[in-house]
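The values are calculated or read from the model by the stated rules, or taken from the named source; none is laboratory data. Computed from a predicted structure; not experimentally measured. So basically every Cβ, Gly included, is an ideal-geometry build from the backbone, and we count neighbours across all protein chains shown.
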């Protein structure tokens with residue numbers, strides 16, 4: 001759960017109960033993994049939950065009527081709302097009348113097809129596969145790990161939840177799900193020291209790579225029923241071969257909702273996602289931290305000199321920054337600055353340190369970009385007069 005969701009839940013339903021949370025219960029950041037072993041953390045401060053328990057709690061807290069094993073077949077619009085025509089698992093028909101209908105029945109949504117038949121044909125579809133393993137591994141918990149390796153899959157990710165390793169890949173329909181997951185396992189497992197891995201669960205779905213948030217207003221004498229159409233995960237036989245498709249669960253609740261606030265939140269999220277995508281893709285941003293040493297060529301024995309270090313890096317934001325700098329004299333570290341996500345004071349900055357001259361000095365210094373690494377290991381010499 002992201003912070004906006006947590007705030008909305010707290011406002012309307014109260015605090016999320018402990019029995020809904022996984023272990024660890026907090027996700028502190030999304031860690032981006034890049035080629036060369038470089039990483040960058042995007043702060044999140046979210047919650048890790050179990051969806052089935054979470055949904056059950058929401059239904060109870062909202063007092064919504066939940067119709068399990070009920071399939072919606074069609075709907076019709078009326079001046080006073082929407083009629084939903086459903087059928088139960090025992091083939092008994094069911095009619096529901098509502099002011100609001102939310103089409104959240106996945107990428108293969110029957111409701112979306114009825115509202116806008118050509119829409120799904122225009123969209124590019126992708127398949128997602130999730131595998132969960134009981135195992136021992138060294139993947140750091142409390143983080144959502146995202147791997148920027150397009151040769152593996154479009155969206156390989158992994159995280160630890162209740163001592164289970166959850167791995168996900170997203171791939172094009174023409175790709176094979178098992179091959180994409182095999183590539184990810186080959187890349188990840190040898191890096192996290194996985195042991196005694198046992199497959200617990202495998203899930204698949206068809207979904208869009210990008211979020212679709214389509215709002216349709218129907219003229220209803222200034223009381224238009226509001227339709228929220230979102231792409232969400234639905235079990236898909238094409239992703240995993242033989243798999244039972246669960247009946248669409250219908251949740252109907254009469255509520256007004258502030259659609260403007262929801263739209264604005266989504267716009268902010270999309271803007272952030274686009275910004276991150278641009279950030280990663282633009283070569284000008286993909287630079288390394290470069291270090292320059294400024295010292296005198298010579299010094300009198302017993303005197304004290306100042307070593308000035310200048311670090312140049314063209315970014316200094318929450319996502320992309322110089323995360324450390326060190327300096328050595330004659331093979332011994334005499335100064336180190338670990339910035340981490342606190343960042344230095346600017347994209348270009350200086351540090352100074354004083355040392356006593358007892359003989360010739362062999363000076364080395366190095367700075368590191370949190371994403372792209374070091375451009376150089378600077379070196380300088382000071383000779384004794």
> What single numbered condition from (1) more than 15 Å from the chain's Cα centre (by Cα); (2) surrounded by 14 or more Cβ atoms within 10 Å (Cβ to Cβ); (3) within 23 Å of residue 48 (Cα to Cα) fails to hold for residue 183?
Replying inline: (3)
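For the range 28-38, give me each residue that is over 12 Å from residue 142 (Cβ atoms) and either in contact with a helix residue (DSSP H, G or I) (Cβ under 8 Å, 6 or more places away or on another chain) or surrounded by 15 or more Cβ atoms within 10 Å (Cβ to Cβ) (or both).
Our first condition is that a residue be over 12 Å from residue 142 (Cβ atoms); within the range 28-38, this holds for 32-38.
Once the filter is applied, which keeps residues that are over 12 Å from residue 142 (Cβ atoms) and either in contact with a helix residue (DSSP H, G or I) (Cβ under 8 Å, 6 or more places away or on another chain) or surrounded by 15 or more Cβ atoms within 10 Å (Cβ to Cβ) (or both), the range 28-38 yields 32, 33, 34, 38.
Confirm whether residue 112 is at pLDDT 75 or above, assigned by TED's automatic domain parsing to the domain that holds residue 192, in contact with a strand residue (DSSP E or B) (Cβ under 6 Å, 6 or more places away or on another chain) and in a helix (DSSP H, G or I).
Working: at pLDDT 75 or above: yes; assigned by TED's automatic domain parsing to the domain that holds residue 192: yes; in contact with a strand residue (DSSP E or B) (Cβ under 6 Å, 6 or more places away or on another chain): yes; in a helix (DSSP H, G or I): yes.
For residue 112, the condition - at pLDDT 75 or above, assigned by TED's automatic domain parsing to the domain that holds residue 192, in contact with a strand residue (DSSP E or B) (Cβ under 6 Å, 6 or more places away or on another chain) and in a helix (DSSP H, G or I) - is met.
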> Taking the range 115-127, which residues are buried (at least 16 other Cβ atoms within 10 Å of the Cβ) and at pLDDT 75 or above?
Replying inline: 115, 126, 127
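Does residue 82 satisfy being over 31 Å from the mean Cα position of the chain (by Cα) and at pLDDT 90 or above?
Working: over 31 Å from the mean Cα position of the chain (by Cα): yes; at pLDDT 90 or above: yes.
Answer is yes for this residue.
Residues are listed down the side, and each one gets a yes or a no for (1) free of Cβ contacts under 8 Å to residues at least 24 places away in the same chain; (2) out of contact with any helix residue (DSSP H, G or I) (no Cβ under 8 Å at 6 or more places or on another chain):
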| site | (1), (2) |
| --- | --- |
| 131 | no, no |
| 137 | no, no |
| 186 | yes, yes |
| 198 | no, yes |
> Just one of the numbered conditions (1) exposed (fewer than 12 other Cβ atoms within 10 Å of the Cβ); (2) at pLDDT 90 or above; (3) within 30 Å of residue 113 (Cα to Cα) is not true of residue 68; which one?
Replying inline: (2)
>> So residue 5 passes all but one of these: (1) under 23 Å from residue 100 (Cα atoms); (2) touching a helix residue (DSSP H, G or I) at 6+ places or on another chain (Cβ under 7 Å); (3) not assigned by TED's automatic domain parsing to the domain that holds residue 112. Which condition number does it fail?
In response: (2)
> Which numbered condition trips up residue 315, out of (1) touching a helix residue (DSSP H, G or I) at 6+ places or on another chain (Cβ under 8 Å); (2) within 13 Å of residue 367 (Cα to Cα)?
Replying inline: (2)
